[in-house]
1. Evaluate the stretch 279-300: report whether one residue or more is more than 16 Å from Gly229 (Cβ to Cβ), among the hydrophobic types (A, V, I, L, M, F, W, C) and in a loop (DSSP other than H, G, I, E, B).
2. Looking at (1) modelled with pLDDT of 95 or more; (2) polar (S, T, N, Q); (3) touching a Gly at 6+ places or on another chain (Cβ under 8 Å), find the lone condition where Ser164 falls short.
3. Check Thr353 against each of (1) over 30 Å from Val249 (Cβ atoms); (2) buried (at least 20 other Cβ atoms within 10 Å of the Cβ); (3) at pLDDT 75 or above and name the one condition it does not meet.
4. Can we say Thr205 is closer than 21 Å to Leu307 by Cα and either of a type outside the set (Gly, Ala, Ser) or surrounded by fewer than 17 Cβ atoms within 10 Å (Cβ to Cβ) (or both)?
5. Return only the number of the condition from (1) without any contact (Cβ under 8 Å) to a residue 12 or more places away in the chain; (2) more than 26 Å from Gly204 (Cβ to Cβ); (3) assigned to a loop (DSSP other than H, G, I, E, B) that Ile265 does not satisfy.
6. Residues that are among the polar types (S, T, N, Q) and in contact with a Leu (Cβ under 8 Å, 6 or more places away or on another chain): does the stretch 189-206 have at least one?
7. I'm trying to understand the selection: among the residues of the stretch 144-159, which are among the basic types (Lys, Arg) and either in a strand (DSSP E or B) or in contact with a Pro (Cβ under 8 Å, 6 or more places away or on another chain) (or both)?
8. List pairs: first residue in the stretch 123-137 and outside the structural domain of Ser154 (by TED's automatic domain parsing), second residue modelled with pLDDT of 90 or more and crowded, with 16+ Cβ neighbours inside 10 Å anywhere in the structure, Cβ distance under 8 angstrom, at least six positions apart or on different chains.
Amino acid sequence: MKRTLSITLVCLLLLSAVAFTPSLSSAEAAKKNFAGTELDIFLLISANYTKDIAELEFFKWLSEETGIKFNIERVTERAQAVERFNQMLASDSGNPDIVMNAPTDAQIAAAAKAGKIVELTPLLDEYAPNWANFFAEDDYSRKVSTMTDGKIWSLPRVNEHPISLSIRDEWMINTTWLKEVGMEIPTTTDELYEVLKAFKAAAGTGSIPAGAIPWATRFNPAAGDYANGGLYELFNAFGTFSGQDFVSVDENGKIYFSASDPKMIAALQYLNKLYAEGLIAPEMFTDMQADLDSKKNGNPPIVGTYLHFANLDLDEVNYTAMPPLTSPQSSERIWRSVENTKIARNYFTIMNTCENIEAAMYVADVIASPEGSIFGGMGMPGYNLLDDGDLAFAIFAFGGRVGIRGGGEKHEAVEYLRMAGGKRQRDVPTHRMSCDGALYDT
């Protein structure tokens with residue numbers, strides 16, 4: 001039976017080597033004990049979430065579940081998070097109680113050495129049983145979460161459930177604009193080129209604005225974050241089998257580096273042609289993620305095509321997903337899978353200035369519960385989830401439905417993905433469905 005645990009919004013940098021003895025009597029009494037408590041949280045989260053983060057349905061649920069009020073400071077870029085955490089290391093003034101999804105391994109090590117964070121190892125058994133049980137069952141995750149000093153200073157994001165580890169992104173196309181220029185959804189690179197030219201030529205007519213961007217993409221690895229805007233999908237259309245690091249292992253167990261594949265030459269020549277003809281915004285190499293997100297979220301739309309984890313146009317009024325493209329060099333359609341590692345460190349951090357470490361640990365444990373993991377990773381019932389009772393949900397995603405069935409500690413996941421006009425089903429038994437991702441309730 002495949003085990004699945006993904007504790008999502010969790011980022012923990014814990015105290016120093018100073019021992020801490022909690023006084024909370026029991027987990028059952030926690031909510032009553034923490035009623036009226038406030039915790040300050042620093043959070044790195046995508047710029048796609050434009051509302052007040054504390055008003056997201058997940059955080060409202062988490063507040064109701066724990067009895068704790070959250071005061072949230074957020075940034076949207078990795079560089080901002082690194083800089084802010086450096087400020088926390090330099091001074092105790094104005095520091096939050098909890099840091100989520102921000103520090104690097106080097107920063108964790110420095111913070112532990114300087115006594116700026118709380119060590120979690122002695123607290124897990126009593127105050128975070130969901131985490132303690134998980135680490136007891138999954139020695140690999142425990143080892144990855146343990147620093148070189150043999151201590152756990154940070155709780156990770158753990159993610160191996162099949163729904164999240166399926167197809168990575170969707171390449172959206174503006175169907176309203178397609179109708180206005182009298183064209184169909186492209187299925188080849190040649191067809192995409194003609195569509196982008198038509199979008200540019202029609203700018204300033206109908207619903208296509210004068211400043212229309214045929215293809216809003218981004219490739220800025222220097223920003224230090226996930227920088228794809230459809231380029232890997234384009235490279236795959238030319239048969240290069242490219243992923244985020246251009247490295248994979250083929251069916252014979254040999255390492256394959258797609259950037260050195262001769263097929264990449266044709267892909268880059270195609271990309272150069274689009275860029276030279278103004279079909280791609282010139283700032284693609286300098287845009288930060290927030291810049292690209294602002295273009296994709298234009299209302300009314302200003303973009304002809306873009307890449308995203310899921311369709312931002314939930315009702316598909318203007319956008320729908322394209323199938324993988326083919327090219328003169330390759331007739332194979334290649335879907336790019338998620339490349340997330342099973343575990344990523346530093347997702348829930350408690351600073352040494354936190355005056356209620358027991359409450360912070362309780363928050364970590366609630367997030368790691370089956371309900372907290374599902375809600376934090378896949379959204380809340382009534383939004384992306386349809387609650388069928390007993391921890392059974394149907395999730396709308398990828399133009400189809402994803403079903404999570406079961407109750408208690410065991411679930412079955414049934415996944416339906418509508419891609420390229422077809423439907424794929426995968427029925428996988430899982431152990432405690434806990435989902436990774438952001439909060440899809442905006």
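The values are calculated or read from the model by the stated rules, or taken from the named source; none is laboratory data. Since this is a predicted model, take the numbers as computed values, not measurements. A quick note on method: Cβ atoms are made from the backbone with ideal geometry, for glycine too, and the neighbour counts reach across all protein chains shown.
1. Taking the stretch 279-300 as the starting set, the residues that turn out to be more than 16 Å from Gly229 (Cβ to Cβ) are 299-300.
Filter once more, so that each one left must be among the hydrophobic types (A, V, I, L, M, F, W, C): none.
There is no residue in the stretch 279-300 that is more than 16 Å from Gly229 (Cβ to Cβ), among the hydrophobic types (A, V, I, L, M, F, W, C) and in a loop (DSSP other than H, G, I, E, B).
2. Only one criterion in (1) modelled with pLDDT of 95 or more; (2) polar (S, T, N, Q); (3) touching a Gly at 6+ places or on another chain (Cβ under 8 Å) is unmet by Ser164, namely (1).
3. Thr353 satisfies every listed condition except (2).
4. Working: closer than 21 Å to Leu307 by Cα: no; either of a type outside the set (Gly, Ala, Ser) or surrounded by fewer than 17 Cβ atoms within 10 Å (Cβ to Cβ) (or both): yes.
When the stated conditions are applied, Thr205 does not pass them.
5. (3)
6. So the first thing to find is which residues in the stretch 189-206 are among the polar types (S, T, N, Q), and the list is 189, 205.
If we keep only those that are in contact with a Leu (Cβ under 8 Å, 6 or more places away or on another chain) too, we end up with 189.
Taking every residue of the stretch 189-206 in turn, at least one turns out to be among the polar types (S, T, N, Q) and in contact with a Leu (Cβ under 8 Å, 6 or more places away or on another chain).
7. Keep residues of the stretch 144-159 that are among the basic types (Lys, Arg), which gives 151, 157.
Across the stretch 144-159, the qualifying residue is only Arg157.
8. none
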